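Below you'll find the structure, written out as structure tokens, and then a few comments.
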Amino acid sequence: MKVFNSIFSWVIKKRIHDIEFFKKYPHDVQNECLNKLIETAKDTEWGKRYDYQSILTLDEYKSRIPIQDYESLKKDILRIKKGEQNILWPTEIKWFAKSSGTTSDKSKYIPVSKESLFECHYKGGKDLLSMYCNNIKNHTLFSGRTLAIGGSSQILSYSNDTYAGDLSAILTKNLPFWVQLRKTPKYSISLLDDWEEKLEQMAQTTAKQDISIILGVPSWTLMLLNRVLEIKNETDISAVWPNLELYMHGGVNFSPYKPQFEKLISRPDMNYVESYNASEGFFGIQDEIDGNGMLLMLDYGIYYEFMTLEEVGKKNPKTITLSEVKLDTEYDIIVSTNAGLWRYDLGDTVKFTSINPYRIKITGRTKHFINAFGEELMVHNVEDAIEIATTKTNSIIREYTVAPKFDLNSTVGSHDWLIEFEQEPKSMDYFIEVLDNALKSLNSDYEAKRFKNIALTKPEIISAPNKTFYNWMKHHDKLGGQYKVPRLFNDRKHIDSILEFMNLKTGIKIVS
């Protein structure tokens, strides 16, 4: 295994030269990327629609193609999903990453081309390992196995030979052979639909193996670690997997989970590395072990534009290029990709922590959301669920805010709903039941995390006294039309501030 570790490390680190090149010449690399994307797609239906053949400058590209989102591309995407090709991208697209939906859809389907799969998503995974090996000289990373804890592995197959599933399921299904050699658990376990059964089989299998790398959602990973400790009758994962040295995470805020990981893994040189891999593409990698921010990956077939939050929602928003960004300014990311997403608004907001090289950190989304446990709960889901719950329970809500609730002693979290009722429901238990079921029906990711309390328990309601929100906003000098009550946030800053204010003024009544 030492020989394999040495050889594989040498091979994978050869990529460092290319990474250093785009760090040195970022703007040239990005310009070349855009030119290649336009040239490749010029004979597609989309390319002919906007006359890609005659585009010679960035300004022409930006003036012809409006900013897109899923709703504006949905008709074309669904045509591809039904079997039509050469619409957004010239090569065959038969895979679609299924993720949380838009206002009208429970789920959306993001096209995944051959190029985006191998030149972006898989390339990102390899680059993460390349940079890790370059940073950690005495690693034994490839001596053990890689434990991949994905989401749902269900693949939906359609009659026209197209497939849809979670991005993790698509990546698992198409993994190169060299990854399959070291990956665990085996595919038959990954395919299990019942999470509890999958967790048990994963724990039983991996408890007997030598694990050196783990990748997955923090909440689910913690569940697995705790079950492995039960099986082995241990209190420290380092006693079970002494060669475990790297946990790769992304997609949710890791800070609330890190103390739990450190409690379970005593190894002093355990490393935690963040990546930014979404259905639309692989965008960033934490290239420094103790660094602040992720290196923006510029040669994955993705061209970046950035939009200040003041431009979001405008009819003709202004975007800037990489060369124009500034530190500590919040930007909405716009991407053009090798899967046929053209000037696509990700809805993610970032700040640059460095511009030489370009490093980013995720700050949130342009629309309020909660994704503390992988549930991707959007504000429109909440608004629709509230309408259902209040109608069925004959109640009226004046103001509300929602935030995640973390428990350092548990792998399962919940949501705190601070609600100011104008008319309370006769039964709060029934209100919670209706609200919870409505959210499940509206959001597939929330439904998955609530299944048998896998990652989330039922919502907890905190009933706020009359005029609580008004008085809190007045206290913070935020009265007026330009200020709005905060609805959904991925942290507890706002809700804790309101709760503290309530506690000082009136006390808190909690109903769950």
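Okay, residues lined up against (1) surrounded by fewer than 18 Cβ atoms within 10 Å (Cβ to Cβ); (2) within 25 Å of the chain's Cα centre (by Cα); (3) farther than 28 Å from L171 by Cα:
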{"site": "N35", "(1), (2), (3)": "yes, no, no"}
{"site": "T40", "(1), (2), (3)": "no, no, no"}
{"site": "D51", "(1), (2), (3)": "yes, no, yes"}
{"site": "D59", "(1), (2), (3)": "yes, no, yes"}
{"site": "S63", "(1), (2), (3)": "yes, no, yes"}
{"site": "S72", "(1), (2), (3)": "yes, yes, no"}
{"site": "G83", "(1), (2), (3)": "yes, no, no"}
{"site": "E92", "(1), (2), (3)": "yes, no, no"}
{"site": "F96", "(1), (2), (3)": "no, yes, no"}
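Scanning region 31-54 for residues being assigned to a helix (DSSP H, G or I) and in contact with a helix residue (DSSP H, G or I) (Cβ under 6 Å, 6 or more places away or on another chain) gives a total of 2.
Residue-by-condition table, conditions (1) buried (at least 21 other Cβ atoms within 10 Å of the Cβ); (2) not basic (K, R):
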residue	(1), (2)
R267	no, no
Y272	no, yes
M297	yes, yes
T321	no, yes
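Annotation: of all residues in region 113-145 being surrounded by fewer than 21 Cβ atoms within 10 Å (Cβ to Cβ) and of a type in the set (S, T, Y), the one that is nearest to I285 (Cα to Cα) is Y122.
Evaluating N277 against the criteria (1) modelled with pLDDT of 95 or more; (2) under 17 Å from the mean Cα position of the chain (by Cα) leaves one unmet condition, (1). Does region 430-449 include one or more residues that are assigned to a strand (DSSP E or B) and either at pLDDT 95 or above or over 32 Å from the mean Cα position of the chain (by Cα) (or both)? No, there is no match, as no residue in region 430-449 is assigned to a strand (DSSP E or B) and either at pLDDT 95 or above or over 32 Å from the mean Cα position of the chain (by Cα) (or both). Within region 230-260, the set of residues being out of contact with any helix residue (DSSP H, G or I) (no Cβ under 7 Å at 6 or more places or on another chain) and touching a residue at least 40 places away in the same chain (Cβ under 8 Å) comprises W241, G251, N253, P256, P259. For region 301-315, taking the residues that are in a loop (DSSP other than H, G, I, E, B) and either among the aliphatic types (A, V, I, L, M) or in contact (Cβ under 8 Å) with a residue 12 or more places away in the chain (or both), the one that is farthest from D348 (Cα to Cα) is identified as G301.
Out of the residues in region 220-243 meeting the condition of being modelled with pLDDT under 95 and in contact with a strand residue (DSSP E or B) (Cβ under 7 Å, 6 or more places away or on another chain), tell me which one is farthest from R145 (Cα to Cα). So, considering only residues that are modelled with pLDDT under 95 and in contact with a strand residue (DSSP E or B) (Cβ under 7 Å, 6 or more places away or on another chain), the one farthest from R145 (Cα to Cα) is W220.
The values are calculated or read from the model by the stated rules, or taken from the named source; none is laboratory data. The structure displayed is predicted, hence computed values, not measured ones. Because the Cβ atoms are built from the backbone with ideal geometry, glycine has one as well, and the counts that use them run over all protein chains shown.
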